Structure formats: structure tokens, C-alpha cells
Amino acid sequence: MSKKSWILSSVLMTFATTGLPQTAWSQSACTSVFENDVLETAARASRRDLDIVPDLKDFEKKFRQTRDPKLIRSARKFFTQKGIKTRFSKEKLHPGLVIEPGGKTPIAKIAAGLANRNIELQYSLEAVSDGAAAMYVPDQRVIYFDANSLGERGPSPLLLHEVRHAIDFTRGRQPEHVFERLMLSSLQMNQFTPVKTAIPGSKTKAYSDYFSLDEVLAHRQSARNFLSILKNPEVSREEWAIAMNWIVDHSERFPHFISAWKASAEIFTLAIKKGQAEILPDARPWTKKKDDEYQWATVRVTDGEALTWFQKNILRRKAVDPRWQGLEMAILISRDEAKKLEKKPAGMNDFFLKRIARITRLAEFLEPAARDFADTVRKNSRNVYSTRAIENSMRRFSERLGESRRQLNENGETEAAGFLGMLEALTD
């Protein structure tokens, strides 16, 4: 089986054996990024045993049945057989095996690149048993992954998706990387909302209650991986159809992220101008660290005219619920800006209006290419003989992202581009 067939099969087997991920973190929506009815075909997908993967899958199954903490240490021998250096750690959220840099295996190369950014790559039976095939935990700087990324054919798209988030999260806290910092801005429905509703402008079920704009970057990574499958002459018609379905799903989400941001930005702008929004530093101890150059600030729509307008015009409610807390936006701000916000929140209104407008302009700059990709995929999704139109549209979208990154970032592109290039080469 070719490497591209392995990528597809690894995703299929992940969901066939573990079910859809349910654990939620700051990138919670990503755990269901590949959800689709076509996963019912997983059991029929052709697949050859992949190195140490079957043995580790047995350990994962046994752990779900017994919750025996000793199993993770026993699983270490399979890594040693493949020359993958590991060390046991219980310092993070889940105990597991940290992949050490060194060696020629794809997983070791990824671990080395992440280690340079102070991020651990960890295989954890406990994390997998909780339903996370791949998961990035930003505050602990660790990525968990399942056995499907340990074959010699390379990592699964799930892992690469989370690696993309980890890179953006790290770069967004460096002064020169303005593009990533803006793209990390997020929207979510307030967790204390009595009635769960979707973010304004939402067009898809996935990511309707939370997302950050860097999903655009992570989804481009995933879509590119699946596009490489379509170009593989060894892929069966069934596998081709499954990969194309995922590309269709991904392509629809690009304009969704942008339209949802634009619609929500209008509400926040109105609320701030009318003094009907709360702007406050993130007080959660696990997200606010003294040595962080950048910290989160939260903008929350509160009771008042803006909230009433939101419920009546967006949610189409005849009666307004006064308990309803509405929508939240999280934005990264510098340490100095955070100090100003703590001292005089009202004095920062103009700053946040300008920041929201700047993020919206970035989204609008990306919008034509995002919609072009979605339209191109829709028009060519049944063309089994050629993917050229989709490839060209993906290239235009990537160029648009690259152009906006070059305009906003001051420097530091070369090193990160090399690591990202290595990740993409693993799926070619």
C-alpha cells in the first residue's frame, strides 16, 4: 500500500476503532473535524498491517477495558523495536510516552521540530481511551496522538492538523508574527448560555459554537493531505470518494469561518460603541502566565440594546431572554496592553474596535480565495479523472494566505516554513 493510501486508511481506522473524539479543549471542535457519514465505509477500506500499529491498538483496547496504568510502560517496547526513543512522563494532563527527537522515522522528525518550539509529542493510552485520536493542549504545550501516526508511512491527517494549530499558537505569541496572532482570534457561544445557539453567520454544524480563525490554516493543511490522496493512482474508487467527501466538507468550512467572523464582528462593534460589551483580561490562571509576552482578552456581549438586537435579528426570537449572555470573542494582546486594560477597561474601547476591524479586513482579504476553493471543489467533486482545477484553486488559496502572512509578519518565515514543508512532504 502506498503512503497516500495509508493516510486515508489511518483516518478510517482511527474512527472505526475508537469512535469519534469527544474530549474538548481550546481546539475542541477539531476533535470531530473528519466526522462524516461516509465513515460507515471504514470497515471495508483496504488496509495492510502497519508496523507496530496493530500491537498498540491491542494495548489501547485493553486499556479501555482495564484502565491499567502499567500498560503504557509495557507499550514502550514497540517504540524501541522501531528505533523510536521515548521517555515516560506523567507531568502533563495524561501520562504517556514522550517521543524524543532523534532518528529517521517521521514521528521522530515531527517531535524534533516541535521540541524546538518547546512542545511535547506524546503517545498516551489514557488520552486515546478518552476519545482523542489527536489533541493539542495549548496551556500544557503537548500534542497527544493515537497509534495510527506510528507507521512507517507517516502521520495521520489528524495529527498534522493539530501540529498546525500548535505552530500557530506558538508563533502567535512572538512579536514579529502578527498574522498568526490575528488568526488565533476566536469566537464562542458563552458557556453559561441557558439555551445553546450557533455563532452568527454559521453555515455548517461543525464549529458552530466555537472556532478560532486559525482553523483556516489547519483546514488547508488537512485539505491538502486529502488532495494528495486523490492524485494517487493506486487509490480505489471507494477511497477516492471518501477523500473527496472530506475535501468537500473542508472546502465548505473556509467561507463558514469567514462569514461567521464578519457577522459576529458587526455585533461586537455595535456593542462596544454603545457601551454594552464587557472587555476584560482572561483571569483563568492556566492561560495567564507572568512571562507571557501576549495574553488573552475577552470581549463579551452583555445585556442591553445590542443583546436584544442580537436575539431578535439573528436568532429571530419574539421574546428576549434577559439571562442570555450572548457571544464571546478572545483576542491576543500584548502584556502592556493587558496592563492598560486592567487599569482602565473603558479606555481600551477604541483599541478593540480597531483590532476587530483589522481582523475583519484580513478575513475579507482571504474571502475571495476561500469561496473560489469551495466553488471549485463543488463543481469538480465528481471528476474522477482530473483534480487539476481543485489543485489550482488550492494553490491560489495558499498564495493568498502566504501574501497576507508576508504583509503582516516582520520576519521569522524561513525556519517555520522549513518545518511546515517537512510536514507536507511526509504526505506527498
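The values are calculated or read from the model by the stated rules, or taken from the named source; none is laboratory data. Computed from a prediction, not measured in an experiment: that's the story for all the values here. As a convention, Cβ positions derive from the backbone with ideal geometry for all residues, glycine included, and neighbour counts pool all protein chains shown.
Listed conditions (1) crowded, with 24+ Cβ neighbours inside 10 Å; (2) over 24 Å from M183 (Cβ atoms); (3) not aliphatic (A, V, I, L, M) are all met by D58, apart from (1).
In segment 204-226 there is at least one residue that is modelled with pLDDT of 80 or more, surrounded by fewer than 24 Cβ atoms within 10 Å (Cβ to Cβ) and either over 26 Å from A260 (Cβ atoms) or of a type in the set (S, T, N, Q) (or both).
Here is the figure for segment 96-119: residues that are surrounded by fewer than 22 Cβ atoms within 10 Å (Cβ to Cβ) and in a strand (DSSP E or B) total 1. Note on segment 379-410: among residues that are in contact (Cβ under 8 Å) with a residue 12 or more places away in the chain and in contact with an Asp or Glu (Cβ under 8 Å, 6 or more places away or on another chain), the one that is nearest to I242 (Cα to Cα) is S393. Out of (1) part of a loop (DSSP other than H, G, I, E, B); (2) closer than 24 Å to R300 by Cβ, the odd one out for E234 is which? Here E234 clears every test but (2). Annotation: M135 fulfils all but one of (1) assigned to a helix (DSSP H, G or I); (2) closer than 25 Å to L227 by Cβ; (3) hydrophobic (A, V, I, L, M, F, W, C); the unmet one is (1). Where residues in segment 133-171 are under 14 Å from the mean Cα position of the chain (by Cα) and among the acidic types (D, E), which of them is surrounded by the fewest Cβ atoms within 10 Å (Cβ to Cβ)? Result: D168.
Only one of the numbered conditions (1) of a type in the set (S, T, N, Q); (2) modelled with pLDDT of 85 or more; (3) touching a helix residue (DSSP H, G or I) at 6+ places or on another chain (Cβ under 7 Å) is not met by S264, and that is (3). Screening segment 393-427 for residues that are more than 21 Å from the chain's Cα centre (by Cα) and either loosely packed, with under 13 Cβ neighbours inside 10 Å or hydroxyl-bearing (S, T, Y) (or both) and picking the one that is modelled with the highest pLDDT gives S393. For segment 154-163, enumerate the residues that are part of a helix (DSSP H, G or I) and touching a residue at least 60 places away in the same chain (Cβ under 8 Å). If the condition is that a residue be part of a helix (DSSP H, G or I) and touching a residue at least 60 places away in the same chain (Cβ under 8 Å), then P157, L158, L160, H161, E162, V163 are the ones that fit.
Scan segment 75-94 for residues that are under 26 Å from the mean Cα position of the chain (by Cα) and not aliphatic (A, V, I, L, M) and the total you get is 6.
Scanning segment 123-132 for residues being crowded, with 24+ Cβ neighbours inside 10 Å and of a type outside the set (A, V, I, L, M) gives a total of 2. Considering segment 63-95, the residues that are within 23 Å of P138 (Cβ to Cβ) and charged (D, E, K, R) include one that is surrounded by the most Cβ atoms within 10 Å (Cβ to Cβ), namely K92. None of S264, S228, S251, S222 is of a type outside the set (A, V, I, L, M), in a helix (DSSP H, G or I) and touching a His at 6+ places or on another chain (Cβ under 6 Å) except S222.
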